[in-house]
Amino acid sequence: MAIITTITGKRPHRWLNHNRSSPNSSEFKRQKVSTMSHNKPPPLPTATTNPTVSRISRYPETKPPLLREVHAPCSRPRKFDLSNNPKLESSNLVVSGISHSLFENYHRAKCSAMATIPLQIKGKEKDNHKEVVSEDSNVEDVLPVENDLVCLDTEAVNGGVQKQSTSSVVSELSNDKLNVVDDAAKILDTLSLEPEKDVSSVRAYKKLLQAVDKRTDTIGRLKFEIQLNEKRRSAFDLLRPKKGLVEEVPLEPFVPLTKEEKAEVARAFSANRKKILVAHENSNIEISGEKFQCLRPSGWLNDEVINLYLELLKERERREPQKFLNCHFFNTFFYKKLISGKNCYDYKSVKRWTTQKKLGYGLHECDKIFVPIHQNIHWCLGVINKKEKKFQYLDSLKGIDTQVLEVLARYFVDEVKDKTGEDIDISNWEKEFVEELPEQKNGSDCGVFMVKYADFYSRNLRLCFNQEHMPYFRLKTAKEILKLKAE
């Protein structure tokens, strides 16, 4: 069978042959359908006797495909149709400052819920301007006002709020008494967002942020006031006198030395070390030039200098009993003797140290009893403060030794029992490690601090000195020892 080809060398299109006749028949040849654009209809068939053309003419006309149109979102059915609401039509609504662009968003929302339209007050009306809508107009006919005062939140509209809020807003707006907007803050309070319902709203976020900022500011202000009051209290504590002490500090403890007194002290420091500079008859204490050297700067006070100075303090109180407290000063060997027995306590070894014959008075009659305590290479002071009912421990290095206070409490009970036969009750006495006291700033002035603690307490003065006074106190103590008179 011969294959028929076209001029271009390609096979022709399949012949339309309903009678399944031979494709070589010219009467069954089919005209080539032009691939025309969908926009143009094919040409109408002309009257011809060609059966192929007549068959083609019976086919329906080609039509372009339907174009897909872009549709807007379908509007939801109105829940609250303002046009069909007789209540709103009959009421006079006062709406001021609705911006044009936001009003369109409001219109597209189809008034789904009036309560979801929060009003953000941007400013108050100028000159108390009153704006009233006529009876023939409704909400949609109100034109936007320049300098908008109200902003519609479309996000809140889409979110929705309870129906109860809607009814409250409508009733508030439809009230005849609210024809004039005088206070913008009242509208804000009436139509404010509920944080629980509009968490995603920008306005709710701003309100929450403002609340947090206010709370943070309040906490910061209170914290500053607390710190300020604490500083004021600490300053007042420094100025406030201690309980039982004289309020004003006299000048006697700080009287400067004269030139003659300074020269005398300087000669004593340069004297022969074996020479006896002073001798105290009542205590049988002698101070040689060598022992006197401990009063020089950076010197460690020895037992002889400390014991002699405490004896001078007792004599000072006897000379002027009305000026000083009734005190007793033990020497540096007393406490060592008291704790020398078993269980670190031996009252019998010091029982005769305080007889009425030796002292001329009983310890139970004293206001304060001072006990020097030597801690290896450090001097401290223990005080039996009968005046304030305390057992006190003073350490210039802020040390703590509970054994000292226990021993002193036990000793005082035994002493009163032995001398008077009375069982004294010390259960309510305070055991105090004094903290507010001058501190030592070097490793050599502990002895000077200890004797000055006793000096100021016997004067009934607070400890109003510090490390800077130590050079002066050394010279003054040396001068008083050379004169055998404490001032």
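Bear in mind these aren't lab numbers, they're just calculated from the coordinates by the rules spelled out. This one's a predicted model, so the numbers in the text were calculated from it and none came from an experiment. Ideal geometry is used to build each Cβ from the backbone, glycine not excepted, and the neighbour counts take in all protein chains shown.
Can you tell me which of 316-327, 252-263 comes out highest on packing, and rank the rest after it, using the mean Cβ neighbours within 10 Å?
Averaged packing, sorted descending, gives the order 316-327, 252-263.
Take the alpha carbon atoms of the stretch 377-392, find their center, do the same for the stretch 473-487, and report the distance between the two centers in whole angstrom.
The distance from the Cα centre of the stretch 377-392 to that of the stretch 473-487 comes to 24 Å.
Count charges around S288 for me, please; just the other residues with Cβ under 10 Å from its Cβ, Lys/Arg as +1, Asp/Glu as -1.
+1
Whole number please: convex hull volume per residue of the Cα set in the stretch 396-448, in Å³?
Per residue, the Cα convex hull of the stretch 396-448 comes to 108 Å³.
Amide H neighbours of W379 under 5 Å, counting only residues 5+ apart in sequence or on other chains, H built in-plane at 1.01 Å?
Answer set, sorted by chain and number: G447.
Let me check I've understood the local charge: for P471, count other residues with C-beta under 15 angstrom from its C-beta, Lys and Arg +1, Asp and Glu -1. What total comes out?
Combined, the nearby Lys, Arg, Asp and Glu give +4.
Quick check on packing: order 454-466, 408-420 by the mean number of other C-beta atoms within 10 Å, highest mean leading.
Top to bottom by mean Cβ count within 10 Å: 454-466, 408-420.
L397: net charge of surrounding residues, Cβ under 14 Å, Lys/Arg +1, Asp/Glu -1, itself excluded?
Local net charge: -3.
Starting from the Cα gyration tensor of the stretch 333-457, take the square roots of the eigenvalues, sort them a ≥ b ≥ c, and report rounded, prolate or oblate (rounded when a/c is under 1.5, otherwise prolate if a/b is larger than b/c, else oblate).
Since a/c reaches 1.5 and a/b is larger than b/c, the shape of the stretch 333-457 is classed as prolate.
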